[in-house]
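Data first, discussion second: the structure below is written as structure tokens.
The values are calculated or read from the model by the stated rules, or taken from the named source; none is laboratory data. All values derive from a computational prediction rather than experimental measurement. Backbone-built Cβ (ideal geometry, glycine too); neighbour counts: all protein chains shown.
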Ligand code: SF4
């Protein structure tokens, strides 16, 4: 299927020679598995999981190759891609100076009422892509000079990503793979990704299961998320940067501060500091805005205040976290009476 110009800005065709970037000594984790044939085997196993899906913590157990009935993520055999391109709004260690090569997958396994990308995650805006097309997108992002491949909302398309990665690795992909998820990942999926993902970037959205249920329809989010983050840390360890300050391997956790302390920031930071590592790289994000259905919840129907954001940062410091991303400026934070 041709890539449509209005949905993609990476449709340029580049030769295989150009797409094989010269190495700088870095080797992504998945290349080792690719050489041994294990990556292709993981893709085959993941494909079978689609037939009784347990690839995220929803555990729908539906055959996604046959039906979408009962499929929470609304995604069948093929991944739906909204857009892709070098993104300059990510953390400095991901965006560098040439951008992070983001691929935005449509649909989501979570149901956050305040979703900032609701047209993509709730409405599924995008087009189905085959494994070969997805591989092509990855290779074009590499040819454009991106520092990494940044898979946004990947939890429900792990099988499709693995299938594409086999092709892309064969064609010369050698960028680190960033798994940028909402943090509602199943152990089954994470097992398939062990040795494949270089940088895990999960959200840790909540510290209180009741609020996770109320705002994201995920009553077991805190338990699932904490187990997932523990597993991610076990696989890749604390975030490591290269000499240019670009992330190459490790864990980077994002936490979006909600108005009125509804994200449970204190509990989240204490979990990260005590149970993961005081050197966990954490981005305490200030860009909440009342999007999508947030207006139905009066306590969420405003932006956060400067004082709330400062309190969140203080909670992180007080918990003992030593690597807090401070790229966030005050531009999103409004004064609130
Ligand atoms: S990925 Fe998750 S939400 Fe989608 S069908 Fe599988 S278990 Fe359900």
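Tabulated results
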| read-out | value |
| --- | --- |
| First in the stretch 45-74 and touching a residue at least 24 places away in the same chain (Cβ under 8 Å) and within 22 Å of residue 225 (Cα to Cα), second anywhere and within 6 Å of the ligand (Cβ to nearest atom) and not in a loop (DSSP other than H, G, I, E, B), Cβ under 7 Å, 6 or more apart | 55/156; 56/156; 73/156 |
| Qualifying positions in the stretch 42-68 - surrounded by fewer than 19 Cβ atoms within 10 Å (Cβ to Cβ), under 25 Å from residue 202 (Cβ atoms) and touching a helix residue (DSSP H, G or I) at 6+ places or on another chain (Cβ under 8 Å) | 45, 47, 49, 54, 61 |
| Within the stretch 104-117, considering residues that are touching a strand residue (DSSP E or B) at 6+ places or on another chain (Cβ under 7 Å) and assigned to a loop (DSSP other than H, G, I, E, B), the one nearest to the ligand (Cβ to nearest atom) | 107 |
| Qualifying residue in the stretch 187-200 (condition: under 24 Å from residue 309 (Cβ atoms), touching a residue at least 40 places away in the same chain (Cβ under 8 Å) and within 16 Å of the ligand (Cβ to nearest atom)) | no |
| Count of residues meeting criterion [more than 24 Å from residue 43 (Cβ to Cβ) and more than 10 Å from the ligand (Cβ to nearest atom)] in the stretch 56-82 | 1 |
| Among the candidates 161, 120, residue that is surrounded by fewer than 24 Cβ atoms within 10 Å (Cβ to Cβ), within 15 Å of the chain's Cα centre (by Cα) and either at pLDDT below 95 or part of a helix (DSSP H, G or I) (or both) | 120 |
| Residue count for the stretch 142-158, restricted to those that are within 16 Å of the ligand (Cβ to nearest atom) and either under 12 Å from residue 196 (Cβ atoms) or free of Cβ contacts under 8 Å to residues at least 60 places away in the same chain (or both) | 5 |
| Answer from 101, 89, 85 - the residue that is without any contact (Cβ under 8 Å) to a residue 24 or more places away in the chain, away from the ligand (no atom under 11 Å from the Cβ) and in contact with a helix residue (DSSP H, G or I) (Cβ under 8 Å, 6 or more places away or on another chain) | 89 |
| Selection status of residue 95, more than 16 Å from the ligand (Cβ to nearest atom) and within 20 Å of the chain's Cα centre (by Cα) | yes |
| Residue 207 being within 16 Å of the ligand (Cβ to nearest atom), over 17 Å from residue 160 (Cα atoms) and part of a loop (DSSP other than H, G, I, E, B) | no |
| Among residues of the stretch 237-269, those that are buried (at least 18 other Cβ atoms within 10 Å of the Cβ), part of a helix (DSSP H, G or I) and touching a residue at least 60 places away in the same chain (Cβ under 8 Å), counted | 1 |
| Given (1) more than 19 Å from residue 238 (Cα to Cα); (2) crowded, with 24+ Cβ neighbours inside 10 Å, number of the condition residue 187 does not satisfy | (2) |
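This table checks each residue for (1) under 17 Å from the mean Cα position of the chain (by Cα); (2) at pLDDT below 95; (3) closer than 21 Å to residue 86 by Cα.
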position: 146; (1), (2), (3): yes, no, yes
position: 151; (1), (2), (3): yes, no, yes
position: 173; (1), (2), (3): no, no, yes
position: 179; (1), (2), (3): yes, no, yes
position: 189; (1), (2), (3): yes, no, no
position: 199; (1), (2), (3): yes, no, yes
